[in-house]
Amino acid sequence: MRVQEKGGEQVRRQEGDIETLFRRHFSAVYRLCYSYLGSTADAEDAAQSVFMKLVDQPRSFASEDHERAWLIVCASNYCKDVLKSARHTRVVALPEHEDARMGTTDEVDETIDAVLRLPAKYKDCVYLYYYEGYKTAEIAQMLGIPASTVRNRLRDARAVLRVSLGGDAS
């Protein structure tokens, strides 16, 4: 058992708690990190950093949904910081995401590539809505924006994807 002092109260977190949380949410955190960073290695590093933040600064959650939402927001913020960092802007990205999509069709590859090319504000909404299944009101709360903005971003992202994938632009 690990005991840490936090705000005058002791927070106890069993090693099994972290392991359970990790097993339950790692794939969602990893997919989000991959959608931002486009690299298997960078996504793994980012996901690990997010969970290490939870180990270093334990917190309690009201429910599984609350812990998942916290991890997703934390991962999103971490990835945005990585993308803004000088290290990331100096590195030339190699096309390394082929191994993550082995056995998929060209159409799916093209769709994933188009989603990865979306601006971050659209990518956040698309990922949370289509890949994680959150409702627009939940996404709005996580991102700290109005629900109408989320709906507008989803609409705009669909229009961008439609054009980039060669669909009808109307």
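The values are calculated or read from the model by the stated rules, or taken from the named source; none is laboratory data. Predicted model only: the values in this text are computed from it and were never measured. Accessible surface areas use protein heavy atoms only, side chains included; no ligands, DNA or RNA. Shrake-Rupley method; radii C 1.70, N 1.55, O 1.52, S 1.80 Å.
Length gained on full extension, residue 148 to residue 111: 10.8 nm, using 0.36 nm per residue less the C-alpha separation. In the context of the full protein assembly, residue 85 retains an accessible surface of approximately 40 Å², using a probe radius of 1.4 Å and ignoring ligands and nucleic acids. The listed residues 42, 124 rank as 42, 124 when sorted by accessible area, largest first, using a 1.4 Å probe. The listed residues 123, 53, 84, once ranked by accessible area (1.4 Å probe) with the largest placed first, stand as 84, 53, 123.
Please report, as a whole percent, how much of the solvent-accessible surface of the stretch 48-89 comes from carbon and sulfur atoms (probe radius 1.4 Å). Within the stretch 48-89, the accessible surface is 50 percent carbon and sulfur. Stretched out straight at 0.36 nm per residue, the stretch from residue 163 to residue 65 would grow longer than its current Cα-Cα span by 31.8 nm. Using the Karplus relation 6.51 cos²θ - 1.76 cosθ + 1.60 with θ = phi - 60°, the per-residue 3J(HN,Hα) values for the stretch 43-54 come to 5, 5, 4, 5, 4, 4, 5, 5, 6, 5, 4, 5 Hz, with x marking Gly and Pro.
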